[in-house]
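Written below as structure tokens is the structure these notes are about.
The values are calculated or read from the model by the stated rules, or taken from the named source; none is laboratory data. Remember, predicted model here, so these are calculated numbers, not experimental data. Note: ideal-geometry Cβ built from the backbone for every residue, glycine included; neighbour counts use all protein chains shown. Heavy atoms of the whole protein, side chains included, go into the accessibility calculation; ligands, DNA and RNA do not. Shrake-Rupley method; radii C 1.70, N 1.55, O 1.52, S 1.80 Å.
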Amino acid sequence: MEKSGIDSGVREIMSKDMVIEVKNLSVNRSGSLVIKDANFEVLKGDYVGIVGPNGGGKTTLLLALLGQIPKASGTIRLFGKSIESFNEWERVAFVPQDATNFDANFPLSVRELVSLGRLGRKRIGKRLSKIDWDEVDSALEFMGLSEVAERRIGELSGGQKQRMFVAMALVRDPDVIIMDEPVAGIDAATQEKFYQKMSDLNQKRGITIMMVSHDLSAVFCRMSKVICVNKEVNVAEIRPDVDLEGVLRKAYGDHFHFVFHRHECKGEFKA
Amino acid sequence: MMEALGVIGLRGMIGGAGLTGFMNSSVSLMELLNYQFFQNAILGGLAAGFACAWIGLFLVLRKEAMIVDGVAHTAFGGVALGLLLGIDPLITALGISIVSVFGVSHMKRKGLAESDSAIALMLAIGFSTGLIIISIAGGFSVDLFSYLFGSILTISRSDLLMILVLGMVIIAFLTVFHKELLAITFDERGAKMMGIPVDTILTMFNLIVAITITLSIKIIGIILVVALIVIPALTALQLRASFAKTVISTILIGLASVVVGIIASIFYNVATSGVIVFTMLLIYLTTTALFRWMR
Ligand SMILES: Nc1ncnc2c1ncn2[C@@H]1O[C@H](COP(=O)(O)OP(=O)(O)OP(=O)(O)O)[C@@H](O)[C@H]1O
Ligand SMILES: [Mg+2]
């Protein structure tokens, strides 16, 4: 009795900082195993890069974490609560891989779309207030979209569309933002700015960030943790004493070479 | 006035669509306002035009406009049933509309039928049942005709009351859930992930669609309900504006067409629902041409 009391006390303290906790997770898609026996944790304030080859299962993993596709076995806990009973979805913002594939003729201005991020379980049927619109405008400004705020969403460039969905995620005031390839198809300079913005959010506002990216340098320069997905899931802290190349080889194969030179990183490091 | 109303009533019945013949006499627009039939028509028309246009924008964006046509035709069965049983046909039509809207969405959700074939099936069941009921009840009824083609110039005070109450319900729903409906229409899955109770809101939306269709039957008729719902939205979408502006234009186009249609049909002595839809088409064509030319 005594012992289990202490155990649950320790658990309580730990789970406060636990954003995602995955144990022995396997996920099938169309009958074949896509994620095999994954174990990892994401803590409050982590900045996590998810990498791996095409078809490796990155999107599948995220969708399982979000409860969008069923798991075959294992447990997922979000903010300490089992996914089956988790109901604080307002704390989680997700930007899907295909977010920008919307109907280009849909009659919405950028500002209107971003304002929809203010809706959610707690605000059903309520009008948006001045505070809501202020949040919208500051998110637009933060993502560098103020000039195009009144434009129709179909009239933005690919990179602007991506940033618009991130702005929509931001106005939800989430504790964690999960993004599936948010910088795909964006020019190098804009990507750089994007990662910088995300670092700011992560460090200044303490928002936990997880994003799928194929840009390994950006992941290693800026993020605190990497999750490599290729059916098997391997997780590593991004630190000088960790053999990151070895971790990557598990996902990309033995012939994979990625020599990471810390001094090549522009701007600040995370770790 | 009584005489005029009598003429309208009679010809309305026979013509089915409110064919009136009294504008040869010199009644001005101002004088027209004193006639109760005109007041009823305008009030009922505005309520229906407002509700149809607004709900229509969501239906068009959800690519579900044809549900309206299917459900309206199914409601024909309801009207026939009401006439047979001696109940207000609008009440039975409402019941049948609700059943068929949920039927379509159930079949769609369960993958039992692609949406358009589900709609075709509903339409067939409702309309054929209606025909059978009519033949059992003893042949063709002039009353039935007024439901098929609308009879806005002959709606009674009690019809008007029902239309206004239903219209209020629709507008209240849309006012409260406007933003949520927009989020669901844009991205249903995303809306779900945000914690918006998508299924509940869509169930209510289906109910509201059924109510809107029923409300419009007396105004525009079963055959042309779909026009009242679809054309204002299609026109406003040509403007390529923000959502707020698109909603307002949609509603204004709906209201304007109804008013112009009612007045023109009285002065030129033609079928009202025909003129309303024709007015809408004119606005649509003009807008399209204008915006094509401007771009
Ligand atoms: N909707 C689906 N139904 C069935 N199988 C799917 C589906 N989506 C993906 N898969 C399969 O699951 C596996 C993992 O796909 P997933 O989309 O998770 O990969 P990914 O790592 O996100 O790839 P990418 O880098 O191309 O985005 C692939 O083999 C893919 O074919
Ligand atoms: Mg993917």
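Within 14 Å of another protein chain (Cβ to nearest Cβ) and modelled with pLDDT of 95 or more - does that describe any residue in segment B:223-233? Yes, there is a match, as at least one residue in segment B:223-233 is within 14 Å of another protein chain (Cβ to nearest Cβ) and modelled with pLDDT of 95 or more. Looking at the structure I just gave you, is residue A:225 over 20 Å from residue A:114 (Cβ atoms) and surrounded by 17 or more Cβ atoms within 10 Å (Cβ to Cβ)? Taking the combined requirement at face value, the residue satisfies it. Among the strands (runs of 3 or more DSSP E) confined to segment A:162-254, the ones with at least 1 residues that are away from ligand 2 (no atom under 16 Å from the Cβ), over 28 Å from residue A:109 (Cα atoms) and touching a Ser or Thr at 6+ places or on another chain (Cβ under 8 Å) are located at A:232-237. Within 13 Å of ligand 1 (Cβ to nearest atom), touching a strand residue (DSSP E or B) at 6+ places or on another chain (Cβ under 6 Å) and assigned to a helix (DSSP H, G or I) - does that describe any residue in segment A:44-51? Looking through segment A:44-51, none of the residues is within 13 Å of ligand 1 (Cβ to nearest atom), touching a strand residue (DSSP E or B) at 6+ places or on another chain (Cβ under 6 Å) and assigned to a helix (DSSP H, G or I). Against the list (1) out of contact with any Gly (no Cβ under 9 Å at 6 or more places or on another chain); (2) within 14 Å of chain A (Cβ to nearest Cβ); (3) surrounded by fewer than 24 Cβ atoms within 10 Å (Cβ to Cβ), the condition residue B:286 fails is (2).
Pairs are defined by a Cβ separation below 7 Å, a sequence spacing of at least 6 or placement on different chains, a first member in segment B:185-202 that is more than 8 Å from chain A (Cβ to nearest Cβ), and a second member that is open to solvent by less than 60 Å² (accessible area, probe 1.4 Å) and among the basic types (Lys, Arg); the pairs so defined are B:185/B:62.
Just for segment A:85-136: of the residues that are of a type in the set (Gly, Ala, Ser) and part of a loop (DSSP other than H, G, I, E, B), which one is nearest to residue B:179 (Cα to Cα)? Residue satisfying both the conditions and the ranking: A:125. Within segment A:105-124, the set of residues being under 18 Å from residue A:149 (Cβ atoms) and either surrounded by fewer than 20 Cβ atoms within 10 Å (Cβ to Cβ) or among the polar types (S, T, N, Q) (or both) comprises A:106, A:109, A:115. Among the residues of segment B:234-248, the one identified as more than 13 Å from residue B:55 (Cα to Cα), open to solvent by 20 Å² or more (accessible area, probe 1.4 Å) and more than 9 Å from every other protein chain (Cβ to nearest Cβ) is B:238. A single member of A:84, A:135, A:147, A:88 is without any contact (Cβ under 8 Å) to a residue 40 or more places away in the chain and either buried (at least 16 other Cβ atoms within 10 Å of the Cβ) or closer than 20 Å to residue A:183 by Cβ (or both), and it is A:135. Restricted to helices (runs of 4 or more DSSP H) entirely inside segment B:127-227, those with at least 2 residues that are closer than 25 Å to residue B:61 by Cβ are B:157-186, B:188-193, B:198-220. Taking the criterion of being surrounded by fewer than 17 Cβ atoms within 10 Å (Cβ to Cβ) and farther than 18 Å from residue B:204 by Cβ, the residues of segment B:28-64 that qualify are B:28, B:29, B:30, B:31, B:33, B:34, B:36, B:39, B:43, B:63.
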